[in-house]
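In what follows, a single structure is set out as structure tokens and then discussed.
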Amino acid sequence: MNEYASQIRNEQSHVDRIYHRLDELSAQTRARLSAVRAQGGKGSPTHQAERDSFNAMYEDRLAQLRAVDDRLVFGRLNADDGTTRYIGRIGMSTADHEPILTDWRAQAARPFYEATAKNRMGIILRRHIQLSFRKVVSIEDEVLNVTSKEATNASHSGTLTGEGALLTSLAERRTGKMTDIVATIQAEQDRIIRQPLNRVIVVQGGPGTGKTAVALHRAAYLLYTNRKRLSHSGVLVVGPSNEFLHYIEQVLPSLGETGVLSRTIGTLLPGIHATHRDDPFAASIKGDIRMATMIKNAIHDRIRVPRHLPTVRVRGVQLTVTAEDILSAQAAARRTHLPHNRARVTFIDRMLDLLVAQYETATDENLTPGQMDDVRSLLRMDQSIQHTLNLAWLPLTAQWLLRNLWSHPRRLRRAAPWLSSAEVEALYRPESAPWTISDIPLLDEAMELIGPDPNTAAGIGVHKGPSEEEKFAQETLEQLGLAHSGLVNAKDLAAQMSGTADSDSIASHASHDRSWTFGHIVVDEAQELTRMDWRMLVRRCPSRSFTIVGDVAQTAALGGTRQWHHTMDAVFGKNKWELKKLTIDYRNPQEVAHVADHYAASQGLSVSTVHAVRHIPNSVKRTIVASDEDLIPAAVKETVQLARTYINSDGTGRVAVIADPETLMGITTPLWNAIGESLGKKEEERLKKQDEWDDQIDLINTLDIKGLEYDAVVIVQPGQIEENGPSRLSAASSLYVALTRPTQQLVLVRTQRDSEEIPL
């Protein structure tokens, strides 16, 4: 047996020991969970609460242990003091409390990512361990002290290979799911991941620099280091599309974290799922910060003095509703500074008080409380009084208000007098039109200012505090010594006791509660967000704890960010956020990066990437056809060839065709016919039946491709993509995004005319 094989065998024995402990912990947890469930619903309330708290704790622990099984161990550190430390997805100890695996987020694991020969951080050797399921398949050593015996041993054993682990991971076939980078985090990425919780961190990085991975690993790190705080408030991840959220959904569970809520802007409001897009011009208008003033004006417009004020008779006494009383009651309601529907309760109560006082004066009696209540009831039931008070302070819903504005240009102009005729026309739509993604922040603003639905406003004055079930659950946790354990909280325990809990309690609660505030928010593709988008997100994190990642060179939205300081200073305040930069492109071959960066620079886009790490000869192919009629056949031919090269029947491998929407429609049928002829009908059917987010052959436009990556990409008629953009810069950014999606090969299919108009 050679020295390298011997090293593999030695590491396998250590890995087997760690997995044996993982299996032990899983078995113990399952046994404890079964024992708790076997107790049933019997016993005192305290015993039931204790059972439910442990049930929740064991279920969460089992989910975590299952999620980290794949590639549990990935590193080893040899220190100056002679100690050896294994690095993995979670921390583990033996039954005798001997540490056998260090969590990658622990301070002790930091040298695995940041130690260098110049700053060794007490480390002699860093070993990368690659597993296939539970089997060690390769090891690679980086020696930080070249004079040590470890350097000699690594040289003799053939394990001294430098950055092989990173390059191997980059060359792997893509799947429909993003994989974590926990085994190959680079130093500049790790320094961002480990930033403290109480900061706004903006991460600027070009395509392929690992922005998304850094943001997700930072979320996992913060959940680990701030468990007590974040276990009660949770973490929100905001992505650009539902396809993107599917793509990243397994990353955090693989890092030992479950229950994080993932949403797009269009799905952030409970009960509303907006997928339609406004045209870019209308979307930019809706994203303007002045839309908050429009909403405020529109609500204020629903508070007025009606033209006709009634006189009513109550028990023979004539009472008149006066303009002075209405104005006085409205002023009293405004002074409460409550949302519209909550303040309306004050307005109505004040009006009824004034009318009862008028009755008392007219009868010259000192009414008892019971008599006052009787008069109030009669007034409240009077239809003319009801009609007048509704006109004076109209009960509202956010949905009705916004639909009414979009469908009535006159009212829109009154609420937003700064809008031009062209802008009002761009915003017009019938009341039956579906919600768009750009509507969501405006709906949120309206919900904040309006308050609860008026149908439930009568009970609004009740203080919103913990329920009786939550109070009892908190007392029980304190008695059990679990109140501050971070394993379960009173709200979750109350849900367990009432039978309304699920496996992701925090995420579930947050997803159904618009007013939920999170302990931390991660925002990906943040350059696309408008000021109204940011206003909605900041409302959900009063502590201002954000990880914001994006690339201003990729901004396609007209209302998006081209310079971080313009947006961030306005949203968070000057000097209240920090800019961090990622500079190395891990995704694109150097040849692809060169084409993309040269194009971006020629269009005046701000390119921040310094260099790409991989060289792949012939990774850029240019196919130029004579006429438009030849375009689709050429694109189909190139796509089929890439499918034969990169698409595997085991579900790995991804090829994208990126084009203008009209061109994509023309490609679809001939492409699938050609796939069937080349790969066989069975393979064609398998590929066509895949979920949209899991397509191995993806026909996609530039609006939906943000954040995704593929083994190979075919871009058809890039000049058409640029030509049809809403503005020159937005179109250039969209094409730049398309050019930077492939990890292996980029194919440009275009006409001669197109190639002359836009040199690539």
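Summed over region 665-718, residues that are open to solvent by 40 Å² or more (accessible area, probe 1.4 Å) and of a type in the set (V, I, T) total 2. Restricting the first member to region 178-195 and to residues that are closer than 16 Å to R126 by Cβ, and the second to residues that are assigned to a loop (DSSP other than H, G, I, E, B), the beta-carbon pairs closer than 6 Å and six or more apart or on different chains are V182/W104; Q189/G210. If you check T561, T517, T530, T547 for being among the polar types (S, T, N, Q), crowded, with 22+ Cβ neighbours inside 10 Å and in contact with a Lys or Arg (Cβ under 7 Å, 6 or more places away or on another chain), only one passes: T547. In the condition set (1) surrounded by fewer than 18 Cβ atoms within 10 Å (Cβ to Cβ); (2) within 20 Å of A298 (Cα to Cα), Q371 is compliant with all but (2). Can you tell me how many residues in region 620-647 are buried (at least 19 other Cβ atoms within 10 Å of the Cβ) and among the acidic types (D, E)? Residues that pass the stated criteria total 1.
What tally of residues in region 626-669 results from selecting those that are part of a loop (DSSP other than H, G, I, E, B) and free of Cβ contacts under 8 Å to residues at least 60 places away in the same chain?
Taking region 626-669 and keeping what is part of a loop (DSSP other than H, G, I, E, B), we get 626-627, 647-654, 659-660.
Subset that is free of Cβ contacts under 8 Å to residues at least 60 places away in the same chain: 647, 649-650.
The qualifying residues number 3.
Quick check on region 176-191. Is at least one of its residues within 22 Å of D103 (Cβ to Cβ), modelled with pLDDT of 90 or more and surrounded by fewer than 18 Cβ atoms within 10 Å (Cβ to Cβ)? Yes, region 176-191 has at least one match. Checked against the criterion of being free of Cβ contacts under 8 Å to residues at least 40 places away in the same chain, acidic (D, E) and farther than 30 Å from R290 by Cα, region 371-387 contains one or more residues that satisfy it. Are any residues in region 4-15 loosely packed, with under 13 Cβ neighbours inside 10 Å and in contact (Cβ under 8 Å) with a residue 60 or more places away in the chain, and if so, which ones? S6, the sole residue that qualifies. Residues in region 244-267: is at least one among the β-branched types (V, I, T), closer than 24 Å to K580 by Cβ, open to solvent by 20 Å² or more (accessible area, probe 1.4 Å) and modelled with pLDDT under 90? Yes, that holds for at least one residue.
The values are calculated or read from the model by the stated rules, or taken from the named source; none is laboratory data. In this text the structure is predicted, and so the values were computed from the model without any measurement. Backbone-built Cβ (ideal geometry, glycine too); neighbour counts: all protein chains shown. All accessible areas refer to the heavy atoms of the entire protein, side chains included, with ligands and DNA or RNA removed. Shrake-Rupley method; radii C 1.70, N 1.55, O 1.52, S 1.80 Å.
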